[in-house]
Amino acid sequence: MVRHSEAYTIRAVIDSDCAGIDAGMLLDGVFSGIPIVCSLEEAQDLPGAAPDTFIYGMAPADGLFRAEDRQVLRRAMAAGLNLVSGMREFLTDDPEFVAVAARHQVTIRDVRRPAPLKDLKLFNGSISRACCLRIAVLGTDGAIGKRTTATLLVQALQAHGIKAVLVSTGQTGLIQGGRFGVPLDAIPSQFCSGEVEAAVVEAYESEQPDVIVIEGQGALSHPAYLSSSFILRGCQPQAVILQHAPARRHLSDFPFLPMPSPASEIRLIEAFAPTRVIGLTINHEGMNDAELTAAIALYEAELAIPVTDAVSRPGSNLVAMVVRAFTELSVERLLSA
């Protein structure tokens, strides 16, 4: 949300552990003007227009609120703030929260709430109508930067004259204002492939893009998160870009499970679906720039595909990764120009 949000202007981040730091400086070493503060009250006391929305930005593995979280959310509503939550536990199902919202005339948005069962879609083959390049950004773990890379990839393609659209599959992309997508892990499994298919077809028919980028979830090899299988089946991508964190030693939230290698994940993806991995993107957590540069060179030599970091390296590297695999994109762009 600090890096990119079309739906909300972020005034502050509440994080008592990092208070006093600019959020952009903490993330990317770039000043954003978004302060990190200790408390809700401190956020409300900042100069400028008063905030009107409280976005709950945590993502625990169980998707449930703690007692102290609920207390802060009630205080936010009492202060006149609308609530936005991406949790699996829906606040609009809680009579207490519904009553407090009504009393203070604020709204609650449960982003992960799926459509009613009668409106969910089964896979029906309509993906064949999406006659453009479809690229899924998958990863070797959850919470590894797939959405960030997918967003930056779309922005980079657009900046180079290639019309691209993002399909979000998680709550953060939808909170950011994504026009196309579904909260995939909240949908009954029977409908997951069909909902991804429908979102991609809607994006194609609405925008007629050259490229549709589909945000991945979890990892195909992950024993707890199976969303990647539905994404591969539903959107049937011609290509995959894989996100990996070289310094991560075990799966996030699962310290007893070691990280897979990019090579093993690529083999699994290409065995599971009729697609190919065209590039690797790096999450540089826990790495300095020299270590990142060395990792990029190492993986390029090992995997024989382009490797970059979507956050710290130029966006043109992402475009080159795609155009190298699909040269017709550069030809079409020149012809249209």
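The values are calculated or read from the model by the stated rules, or taken from the named source; none is laboratory data. Model, not experiment: these values are computed from the prediction. Positions of Cβ are backbone-derived with ideal geometry, glycine not excepted, and every protein chain shown enters the neighbour counts. In case anyone asks, the SASA skips ligands and DNA or RNA and just uses the protein heavy atoms, side chains included. Shrake-Rupley method; radii C 1.70, N 1.55, O 1.52, S 1.80 Å.
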Worksheet item: Can you list the lysines whose alpha carbon sits under 24 Å from that of LYS146, skipping same-chain ones fewer than 8 residues off?
Response: LYS163
Discussion item. Tell me the mean residue ellipticity at 222 nm calculated for the chain from its helices only (DSSP H runs of n ≥ 4, each -39500 (n - 2.57), averaged over every residue, nearest 500).
Written reply: -11000 deg cm²/dmol
Worksheet item: Just the accessible area for ARG70, please: 1.4 Å probe, Å², rounded to the nearest 10?
Response: 50
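Quote the charge dipole size of the chain about the Cα centre in Debye, to the nearest 20; the model charges only the Cβ of Lys and Arg (+1) and of Asp and Glu (-1). Walk me through the numbers on the way to the answer.
Values: 27 positive and 38 negative charges, 141 e Å.
The calculated dipole for the chain is roughly 680 debye.
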Worksheet item: Which whole-angstrom value gives the distance between the alpha carbon centres of the stretch 176-250 and the stretch 61-129?
Response: 22
Practice prompt. For PHE54, enumerate residues with amide H under 5 Å from its amide H, sequence gap 5+ or separate chain, H modeled in the peptide plane.
Written response: ASN82, LEU83, VAL84
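Using Cα pairs under 8 angstrom and six or more residues apart, how large is the relative contact order of the stretch 7-136, in percent?
Values: 153 pairs, mean separation 21.0, N = 130.
Computed over the stretch 7-136, the figure is 16 percent.
Would the stretch 97-247 count as rounded, prolate or oblate if I go by the C-alpha gyration tensor, calling it rounded below 1.5 in a/c and otherwise prolate when a/b exceeds b/c, oblate otherwise? Show your work: numbers first, answer last.
Values: a/c = 1.44, a/b = 1.38, b/c = 1.04.
The shape class here is rounded.
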Worksheet item: Where does the longest stretch of the chain lie that holds no chymotrypsin sites (Phe, Trp or Tyr not before Pro) found in a DSSP loop with 16 or fewer other Cβ atoms within 10 Å?
Response: 91-337
Fill in: Charge dipole of the stretch 186-279 about the Cα centre (unit charges at C-beta), most positive-ward option of PHE254, LEU242, ALA219
PHE254
Worksheet item: Which residue, ALA239, ALA49, ALA102, has the most motion in a Gaussian network model of the chain that connects Cα atoms within less than 10 Å?
Response: ALA49
Worksheet item: Can you list the HN-Hα couplings for the stretch 46-59, worked out from phi with the Karplus curve (6.51, -1.76, 1.60; θ = phi - 60°), rounded to whole Hz and with x for Gly and Pro?
Response: 5, x, x, 4, 5, x, 10, 9, 10, 9, 6, x, 8, 9
Worksheet item: Considering the chain as a Gaussian network with a 10 Å cut-off on Cα pairs, which listed residue, LEU152, LEU27, LEU138, attains the greatest mean-square fluctuation?
Response: LEU27
Item to complete: Once you have the Kirkwood Rh of the stretch 38-88 from its Cα pairs, apply Stokes-Einstein at 4 °C and 1.567 mPa s and quote D in µm²/s.
Response: 110
Worksheet item: Between ALA290 and GLU302, what length in nm is gained on full extension when 0.36 nm per residue of separation is reduced by their alpha carbon distance?
Response: 2.5 nm
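Can you give the FRET efficiency to the nearest 0.05 for VAL2 and ARG109, using r as the Cβ-Cβ distance and R₀ = 22 Å? The partial results should precede the final answer.
Numbers: r = 19 Å, r/R0 = 0.89.
The calculated FRET efficiency here is 0.70.
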Worksheet item: Of (i) 24; (ii) 14; (iii) 27, which is the value of percent of Cα pairs over 35 Å apart derived from the coordinates here?
Response: (i)
Worksheet entry | Segment VAL98-THR9, extension gain: residue separation times 0.36 nm, minus the distance between their alpha carbons | 29.5 nm
Discussion item. With the crude spin-label approximation of a point 7 Å out along Cα→Cβ, what separation in nm comes out for ALA19 versus SER32?
Written reply: 1.9
Practice prompt. For the stretch 74-80, take each phi angle, set θ = phi - 60°, evaluate the Karplus expression 6.51 cos²θ - 1.76 cosθ + 1.60, and give the result in whole Hz per residue in order, putting x for glycine and proline.
Written response: 5, 5, 4, 5, 4, 7, x
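Would you work out what percent of the accessible area of the stretch 5-104, with all protein chains in place, is carbon or sulfur (probe 1.4 Å)? Walk me through the numbers on the way to the answer.
On the way: 3050 of 5540 Å².
Reported share for carbon and sulfur atoms: 55 percent.
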